[in-house]
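Data block below; observations after.
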Amino acid sequence: KECKDLHRFYSGYGEAENCIARKKDAVRTFRELAESISSANEKVEEYEREIAELEQRKVQMLDRLLSDFELLDSIKYHTILKGRYIDGMSWRDVAKDVGYEEKYVIKLRNKALAEIAKKKKTPNDTE
């Protein structure tokens, strides 16, 4: 009986060694995972800050767009610029909306931009 007890006890040492090795591997894996999560969390926070800045900039840009569009005498020009720049419509859809060919709508857009630039007394910027 003593031999069996000793055998169990001694075998337990090897089992403990194996268990420790498995646990160390698990800890290493969890540390790597925690580091990648921490890195991912930092990236998420960075992106959230950038999104907030972009949203604020977008609001400012919209205010300027609407203010500039108010300078236009033609509702048609306003509709073309709003459709294209605010609503994100394709030239084809803008053309359908105002009932003209695409090329003509682009020409009208250029005239609208020139009118705004003239009224603001700034260079014509067609970005």
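The values are calculated or read from the model by the stated rules, or taken from the named source; none is laboratory data. Since this is a predicted model, take the numbers as computed values, not measurements. Keep in mind that these areas ignore ligands, DNA and RNA; they rest on the heavy atoms of the full protein, side chains included. Shrake-Rupley method; radii C 1.70, N 1.55, O 1.52, S 1.80 Å.
When GLU42, GLU46, GLU115, GLU50 are checked against the criterion of being open to solvent by 100 Å² or more (accessible area, probe 1.4 Å) and assigned to a helix (DSSP H, G or I), GLU42 stands alone in meeting it.
Would you be able to say whether some residue in region 101-110 is open to solvent by 60 Å² or more (accessible area, probe 1.4 Å), assigned to a helix (DSSP H, G or I), at pLDDT below 95 and of a type in the set (Lys, Arg)? No, region 101-110 has no match at all. Only residues that are farther than 22 Å from LYS118 by Cα, open to solvent by 70 Å² or more (accessible area, probe 1.4 Å) and more than 22 Å from the chain's Cα centre (by Cα) were counted in region 57-92, giving 1.
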